[in-house]
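In what follows, a single structure is set out as structure tokens and then discussed.
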Amino acid sequence: MLKKSFLFLLPVATIFAQDAQTPAGGISQTLLMIGIALVFFYFILWRPEQKRRKAADEMRNALKVGDQVTAMGILGSVDKIKEHTIILKMIEGAKIEMLKGAITSVESGSQEKA
């Protein structure tokens, strides 16, 4: 009796076994799509971001005393440059120390005097 009860499951088991097999090109197609996605993300996202960061780092490393800078909406002129921070001189002699990474734009100090 036990053998007869499992015989009706045999065709169902073979159907599920056939569905579980992957097609011949399934793995290669998946790897190809992952490769295309990685190339897409590199050229659309990562590479432009690296260029933008490099330009911003060059701008911050080229700071000189007297340059007019904008940092998080704060305007001031560079009074002193330290390794990771700068001291900005603002209106009426007020000074504030800021991280170099917060600087968003730099204008040469010689342009202001001219």
Evaluate the range 38-53: report whether one residue or more is over 30 Å from residue 109 (Cβ atoms), of a type in the set (S, T, N, Q) and out of contact with any Phe, Trp or Tyr (no Cβ under 8 Å at 6 or more places or on another chain).
no
Does residue 90 qualify as being more than 24 Å from residue 53 (Cα to Cα) and either in contact (Cβ under 8 Å) with a residue 12 or more places away in the chain or of a type outside the set (Asp, Glu) (or both)?
yes
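When you scan the range 49-73, how many residues do you find that are β-branched (Val, Ile, Thr) and surrounded by 14 or more Cβ atoms within 10 Å (Cβ to Cβ)?
The initial filter retains those residues of the range 49-73 that are β-branched (Val, Ile, Thr), namely 65, 69-70.
Then keep just the ones that are surrounded by 14 or more Cβ atoms within 10 Å (Cβ to Cβ); that gives 69-70.
Number of matching residues: 2.
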Taking the range 77-100 and keeping only residues that are part of a strand (DSSP E or B), within 29 Å of the chain's Cα centre (by Cα) and of a type outside the set (A, V, I, L, M), one is left with 85, 97
Scanning the range 42-61 for residues that are within 16 Å of residue 84 (Cβ to Cβ) and either aliphatic (A, V, I, L, M) or in a loop (DSSP other than H, G, I, E, B) (or both) gives 56, 59
Quick check on residue 39: is it surrounded by 11 or more Cβ atoms within 10 Å (Cβ to Cβ), aliphatic (A, V, I, L, M) and at pLDDT 90 or above?
no
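Per-residue answers, yes or no, for (1) under 15 Å from residue 101 (Cα atoms); (2) of a type in the set (A, V, I, L, M, F, W, C); (3) more than 24 Å from the chain's Cα centre (by Cα):
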{"position": "46", "(1), (2), (3)": "no, yes, no"}
{"position": "55", "(1), (2), (3)": "yes, yes, no"}
{"position": "59", "(1), (2), (3)": "yes, yes, no"}
{"position": "69", "(1), (2), (3)": "yes, yes, yes"}
With at pLDDT 90 or above, touching a helix residue (DSSP H, G or I) at 6+ places or on another chain (Cβ under 9 Å) and within 24 Å of residue 52 (Cβ to Cβ) as the only criterion, which of 75, 99 stands out?
75
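The values are calculated or read from the model by the stated rules, or taken from the named source; none is laboratory data. Since we're looking at a predicted model, the values are computed, not measured. Cβ: placed from backbone, ideal geometry, glycine included. Neighbour counts: every protein chain shown.
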